Amino acid sequence: MPKTRTVYLCSECGGESHRWQGRCPHCQAWNTLVEERVQPKGPSARIDPLPSTEAKPVSLAAVEGAERPRWRIGLNELDFVLGGGVVPGSLVLLGGEPGIGKSTLLLQVSARLAAAGQRVLYVSGEESPYQVKLRAERLAEPTDEVLLLAETSAEAILERVVELGPQVLVVDSIQTLYTDRLEGAPGSVAQVREVAGALQRVSKRCEMATFIVGHVTKEGGIAGPKTLEHIADVVLYFESPTGLDQRIVRGTKNRFGAADEIALFRMGASGLQPVENPSALFLQGRQDRASGSAVAAALEGTRPVLVEVQALVNRAVYGAPQRVATGFDGRRLSLLLAVLERRARLRTGDQDVFLNVVGGLRVTEPAADLSVVAAVASAVRDSVLDPGAVFVGEVGLGGEVRPVSQLERRLSEASRLGFERAYISASTDGSKTRLPLEVVRVRDVGALIVELFG
Ligand code: TYD
Ligand code: MG
């Protein structure tokens with residue numbers, strides 16, 4: 001039996017050091033080394049229930065097979081984020097805070113795929129079969145065909161996988177699994193890295209789609225080494241932007257589709273229901289009779305989403321005036337206020353300015369600039385904007401309004417939701433849109449103010 005030894009593993013990159021240091025010598029991250037005890041092992045000690053295949057190099061021309069079919073889950077929003085369904089042989093990592101609905105979502109996924117004829121194995125290291133059964137009973141899904149295994153030993157799980165040959169494997173959660181070949185508690189960097197690596201090898205070789213639940217740290221990243229995200233083909237984060245029943249699944253990496261797509265769900269009494277119309281959700285409860293409200297047509301991934309931007313401007317009582325932005329970059333807000341002051345004589349220098357993107361979305365696109373400018377101007381003038389108008393444009397330091405990408409798609413979403421007027425950049429190409437929208441072209445922020453308030 002080889003002696004165990006102490007090593008220091010980096011929780012960012014998984015790199016190994018022999019003594020503690022303030023900075024990881026591999027990835028240069030600060031304060032990420034954690035002490036772990038491992039057993040030195042030969043190459044045969046890897047957890048791997050399958051004999052290694054003797055892969056030989058082939059020319060690309062000789063690689064067989066057209067695009068493999070994807071398995072559609074039937075939860076349209078999730079299929080969309082995955083890029084059109086699950087790819088056999090892929091590893092999908094789902095991160096999120098406790099209680100947000102990860103187990104619920106993956107049980108629904110299991111049920112749907114099982115009902116569609118796939119052999120699905122749901123492994124829970126967190127709950128007993130009875131607890132999973134109770135959850136299954138709440139869902140309006142056909143869960144009968146899902147095979148359930150309550151187990152935390154990686155070796156035992158992989159043995160069952162080889163025996164059963166499932167096409168879909170769900171592991172809830174990676175932090176509860178352990179392998180006997182390493183010392184260290186479940187959830188430690190070395191354990192997570194080793195178990196995830198073994199799952200990945202088995203998925204690839206058996207053409208099995210694997211979903212892994214990962215807990216998140218206080219900082220919001222998936223707990224464990226960054227290598228976990230590197231080996232996954234798709235990384236999804238589950239969030240609740242408002243703390244209410246809305247849930248967003250956000251893709252941050254996708255080898256088989258566009259990253260950065262979002263899917264919206266609502267947590268109800270019988271599980272998660274896809275919300276097919278994100279814009280309507282973000283615009284609901286809109287205060288269209290108050291000043292300081294403007295609507296932006298932003299892009300989330302490849303999809304246009306309409307969001308309300310609210311501004312409140314109030315005389316600063318003491319000290320330096322505050323600029324507080326929620327869901328929008330605070331420095332960008334300061335910049336836009338300076339542009340408004342210099343280029344359109346709209347003074348906010350002695351005012352507190354609060355800006356809020358309603359619904360918990362974070363808008364990072366410059367295309368939302370024009371809506372921010374419109375909302376602030378409306379708040380300063382205390383004058384209500386046309387509730388049927390959307391604002392799309394980037395604002396430059398000279399006060400000029402610049403064109404944005406994918407304008408037609410943004411406008412068609414606005415038109416679909418009943419908006420009648422769009423303020424866009426005067427230098428946008430193309431003369432007319434075919435949409436039933438009145439298009440107002442503005443050259444700069446001064447022109448916008450004149451258009452809005454005369
Ligand atoms: P769960 O999937 O256990 O979250 P996670 O695995 O991310 O920790 O979901 C837990 C919450 O979801 C719990 O507070 C109960 C709620 N819930 C519903 O509101 N409706 C339902 O149909 C189900 C199954 C759960
Ligand atoms: Mg859970």
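Once a ≥ b ≥ c are taken as the square roots of the eigenvalues of the Cα gyration tensor of the stretch 329-403, is the result rounded (a/c under 1.5), prolate (a/b larger than b/c) or oblate (a/b not larger than b/c)? Walk me through the intermediate numbers first.
On the way: a/c = 1.24, a/b = 1.11, b/c = 1.11.
Cα axes put the stretch 329-403 in the rounded bin.
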Checklist entry - Looking at the square roots a ≥ b ≥ c of the eigenvalues of the Cα gyration tensor of the chain, which shape do they give, rounded for a/c under 1.5, prolate if a/b is larger than b/c, or oblate? => result prolate
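Mind checking the per residue accessible area of the chain for me, 1.4 Å probe, whole number of Å²? Provide the component values of the computation, followed by the final result.
On the way: 21410 Å² over 454 residues.
Accessible surface, normalised per residue, equals 47 Å².
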Checklist outcome for this item: By the Cα gyration tensor axes a ≥ b ≥ c (a/c under 1.5 gives rounded; else a/b larger than b/c gives prolate, otherwise oblate), the shape of the stretch 214-262 is oblate
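Give, in nm to one decimal, the length gained when the segment between E64 and E408 is fully stretched (0.36 nm per residue of separation minus the Cα-Cα distance).
On the way: separation 344, 0.36 × 344 = 123.84 nm, distance 3.92 nm.
The E64-E408 span can extend by a further 119.9 nm.
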Checklist outcome for this item: The orientation-averaged projected area of the Cα convex hull of the stretch 147-297, in nm², is 12.0
Checklist outcome for this item: For the chain, whose charge dipole is built from +1 on Lys and Arg Cβ atoms and -1 on Asp and Glu Cβ atoms, the candidate among I157, P225, C206 with its Cα farthest towards the positive end is P225
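Could you order Y423, Y237, Y130, Y178 by accessible surface area, starting with the largest, using a probe radius of 1.4 Å? Numbers along the way, then the final one.
Details: Y423 10, Y237 35, Y130 150, Y178 75 Å².
Most to least solvent-accessible, the answer reads Y130, Y178, Y237, Y423.
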Checklist outcome for this item: Whole-Å distance linking the alpha carbon centroid of the stretch 109-155 with that of the stretch 161-229 is 17
Checklist outcome for this item: Restricting to Cα pairs under 8 Å and 6 or more apart, the percent relative contact order of the stretch 163-287 works out to 16
Item to check | Rg to Rh quotient for the stretch 183-268, alpha carbon positions, Kirkwood Rh | outcome: 1.00
Checklist entry - Which of the trypsin sites (Lys or Arg not before Pro) found in the stretch 265-361 are in a DSSP loop and have at most 10 neighbouring Cβ atoms, other than their own, within 10 Å? => result R289, R345
Next on the checklist: Quick check: pseudo-label points 7 Å beyond the Cα along Cα→Cβ at S270 and T217, how many nm apart are they?
Outcome noted: 4.1
Item to check | Distance between the stretch 299-316 and the stretch 362-391 - C-alpha centres, whole angstrom | outcome: 7
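Going by accessible area, probe 1.4 Å, with all protein chains left in place, what is the ranking of R181, R70, largest first? Working shown, then result.
Working: R181 95, R70 60 Å².
Per-residue accessible area, sorted high to low, gives R181, R70.
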Next on the checklist: Take E365 and S128, extend 7 Å from each Cα along the Cα→Cβ direction, and tell me the distance between the two endpoints in nm.
Outcome noted: 5.0
Checklist entry - Do you know the relative contact order of the chain, to the nearest whole percent, from alpha carbon pairs under 8 angstrom that are 6+ apart? => result 12
Next on the checklist: Just to verify a number: FRET efficiency for S153 and R345, C-beta to C-beta distance, R0 = 56 Å, to 0.05?
Outcome noted: 0.20
Item to check | Qualifying chymotrypsin sites (Phe, Trp or Tyr not before Pro) for the stretch 249-350 [loop in DSSP, other Cβ within 10 Å: at most 14] | outcome: Y318
Checklist entry - For the stretch 93-108, in order, what is each residue's ³J(HN,Hα) by Karplus, 6.51 cos²θ - 1.76 cosθ + 1.60 with θ = phi - 60°, in whole Hz (x at glycine and Pro)? => result 9, 10, x, x, 5, x, x, 7, x, 4, 5, 4, 4, 6, 5, 5
Item to check | Efficiency of FRET between H26 and E420 - r from beta-carbon atoms, R0 56 angstrom, step 0.05 | outcome: 0.50
Checklist outcome for this item: Correct response: the longest run of the chain lacking exposed GluC sites (Glu not before Pro), defined by DSSP loop and at most 13 other Cβ within 10 Å, is 277-454
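When the solvent-accessible surface of protein heavy atoms is calculated with a 1.4 angstrom probe, in what order do W30, W71, W20 fall, highest first?
Largest to smallest exposure gives the sequence W30, W20, W71.
The values are calculated or read from the model by the stated rules, or taken from the named source; none is laboratory data. Because the structure is a prediction, the values reported are computed rather than measured. FYI the Cβ positions are ideal-geometry reconstructions off the backbone, even for glycines, and counts take in every protein chain you see. We work out accessible area using only protein heavy atoms, side chains counted, and drop any ligands, DNA or RNA first. Shrake-Rupley method; radii C 1.70, N 1.55, O 1.52, S 1.80 Å.
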